[in-house]
Amino acid sequence: MMGTPSGRMRQTILEWLKEPAAHFPPPRRRDLAETGVTARAVAAKLGVPRRTASAHLDFLTRLGVLRTRRIGCRTHYRRDEVRIAEVARVFEKGW
């Protein structure tokens with residue numbers, strides 16, 4: 001279901017993006033923790049089409065737990081730790 005933030009694939013993506021250097025190959029001349037990871041890299045790691053990975057990444061971005069950065073013609077995704085903490089507090093309080 002695309003409407004819930006608790007999907008297993010999305011949780012996996014968020015876990016990988018905690019430590020991107022441990023889960024994705026290093027790009028040339030860039031730090032993954034600073035710039036983020038592309039949808040293509042996430043798709044390759046998940047073993048799904050790029051379009052599927054992009055849909056999950058876009059959902060997490062709209063939710064506010066990922067930040068995007070354009071570098072050249074690609075969008076890079078990284079975690080927004082402040083927003084993730086806010087969302088976690090909301091769920092802990094029971095809304």
| request: Working carefully through the options V65, V82, find the one that is in contact (Cβ under 8 Å) with a residue 40 or more places away in the chain and not acidic (D, E). | output: V65
| query | Would you say T35 is under 30 Å from V90 (Cβ atoms), touching a strand residue (DSSP E or B) at 6+ places or on another chain (Cβ under 7 Å) and surrounded by 13 or more Cβ atoms within 10 Å (Cβ to Cβ)? | reply | yes
| said: Of the conditions (1) crowded, with 17+ Cβ neighbours inside 10 Å; (2) assigned to a helix (DSSP H, G or I); (3) not charged (D, E, K, R), Q11 satisfies every one except a single condition; which number is it? | reply: (1)
| region 19-44, subset within 21 Å of E81 (Cβ to Cβ) and among the charged types (D, E, K, R), residue farthest from the chain's Cα centre (by Cα) | R30
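Residues checked against (1) over 20 Å from G7 (Cα atoms); (2) surrounded by fewer than 13 Cβ atoms within 10 Å (Cβ to Cβ):
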| residue | (1), (2) |
| --- | --- |
| P20 | no, no |
| V42 | no, no |
| H56 | no, no |
| F59 | no, no |
| R67 | no, no |
| I71 | yes, yes |
| R78 | no, no |
| R89 | no, yes |
| query | Of the residues that sit in region 14-32 and are in contact with a helix residue (DSSP H, G or I) (Cβ under 6 Å, 6 or more places away or on another chain) and assigned to a helix (DSSP H, G or I), which one is nearest to G64 (Cα to Cα)? | reply | W16
| field | Criterion violated by P26 - all others in (1) touching a residue at least 12 places away in the same chain (Cβ under 8 Å); (2) exposed (fewer than 14 other Cβ atoms within 10 Å of the Cβ); (3) farther than 30 Å from V90 by Cα satisfied | value | (1)
| field | Hits in region 38-66 - residues which are at pLDDT below 95 and assigned to a strand (DSSP E or B) | value | T38
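The values are calculated or read from the model by the stated rules, or taken from the named source; none is laboratory data. A quick note: this is a predicted structure, and the numbers were derived from the prediction, not measured. Here the Cβ is made from the backbone with ideal geometry for all residues, glycine too, and neighbour counts use every protein chain on show.
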